[in-house]
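This report refers to the structure that appears directly beneath it.
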Amino acid sequence: MKLREFPPRLASGAYILHAGLEKWHGGEERAMAIHGLAAGAYPILEPIPAPSFLRLLAAGEIATGAVLLAPMVPAWLAGAALTGFSGALLGLYARTPGFRKPGSIWPESKGTAVSKDVWLLGIGLGLLAEGLSSRQGV
């Protein structure tokens, strides 16, 4: 890991890892709420039982956070993981009614927290570009 990669990987990795660990111990009510929101944006998730979905989501967040924090993981791989993760979150933002102002990309107050995941996308793309350019000697 290059020194310049450390701050964005630490900030995003620690945050995502913590979120995953919190969800891992989430109860039925939390599972239902998160599953309902996700299934509303991604209908393919509807058949998955809410507690199972919450565990899968938590595992994905824990894995993504760990990849970002592990210094032996190359920047391109960490960036790809974060870009995929944040892309799914931004898809949730784009598909959930009431999160955006009508006809706009800008958030309503309900969507502000999720819209901020665009920063994770920027970090992911930056790491991906860093890793790919380093591999190509650019």
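No lab work stands behind these numbers, since they all come straight from the coordinates. These figures come from a predicted structure and were not determined experimentally. Methodologically, a virtual Cβ is constructed for each residue, glycine included, from the backbone with ideal geometry; neighbour enumeration extends over all protein chains shown.
For the chain, with the dipole built from +1 on Lys and Arg beta-carbon atoms and -1 on Asp and Glu ones, taken about the Cα centre, which of Ala113, Val73, Leu127 lies farthest toward the positive end?
Of the candidates, Leu127 comes out farthest on the positive side.
So how much slack lies between Leu3 and Tyr42, counting 0.36 nm per residue of separation and subtracting their Cα-Cα distance, in nm?
Details: separation 39, 0.36 × 39 = 14.04 nm, distance 3.73 nm.
Gain on stretching Leu3 to Tyr42: 10.3 nm.
For the chain, what does the helix formula give at 222 nm: sum of -39500 (n - 2.57) over DSSP H segments with n ≥ 4, over the residue count, nearest 500 deg cm²/dmol?
Only helices count here, giving -23000 deg cm²/dmol.
What lysines does Lys116 reach when the alpha-carbon gap must be under 22 Å and sequence neighbours fewer than 8 apart in one chain are set aside?
Lys23, Lys101
Which of the trypsin sites (Lys or Arg not before Pro) across segment 91-129 are loop residues per DSSP, with 15 or fewer other Cβ within 10 Å?
Here the trypsin sites (Lys or Arg not before Pro) that fit, given the DSSP loop and packing criteria, are Lys116.
Using a simple spin-label model with points 7 Å from Cα along the Cα→Cβ vector, what separation in nm is obtained for Ala129 and Lys116?
2.4
Please give the FRET efficiency for Ala33 paired with Ala70, using the beta carbon to beta carbon distance and R0 = 41 Å, rounded to the nearest 0.05. Intermediate values should be presented prior to the final figure.
Values: r = 31 Å, r/R0 = 0.75.
The pair Ala33/Ala70 has a calculated efficiency of 0.85.
Given the options Gly111, Gly27, Gly79, which has the most mean-square fluctuation in a GNM of the chain, springs set between C-alpha atoms less than 10 angstrom apart?
Gly27
Nothing charged except the Cβ atoms of Lys and Arg (+1) and of Asp and Glu (-1): what's the magnitude of the dipole of the chain about its Cα centre? Round to the nearest 20 debye.
Details: 12 positive and 9 negative charges, 63 e Å.
Dipole size: approximately 300 debye.
Hey, could you grab the Kirkwood Rh for segment 67-138? Inverse mean 1/r over distinct alpha carbon pairs, Å, one decimal.
Working: mean 1/r = 0.0763 Å⁻¹.
Kirkwood radius, segment 67-138: 13.1 Å.
Mean separation of Cα pairs under 8 Å and 6+ residues apart, divided by the residue count of the chain: what relative contact order is that in percent? Mind showing how you got there, number by number?
Values: 170 pairs, mean separation 36.9, N = 138.
27 percent.
Rounded to a whole number of µm²/s, how large is the Stokes-Einstein D of the chain at 10 °C and 1.306 mPa s, given Rh as the Kirkwood radius over C-alpha pairs? Walk me through the numbers on the way to the answer.
Working: Rh = 15.8 Å.
Value of D from the Cα-based Kirkwood radius: 101 µm²/s.
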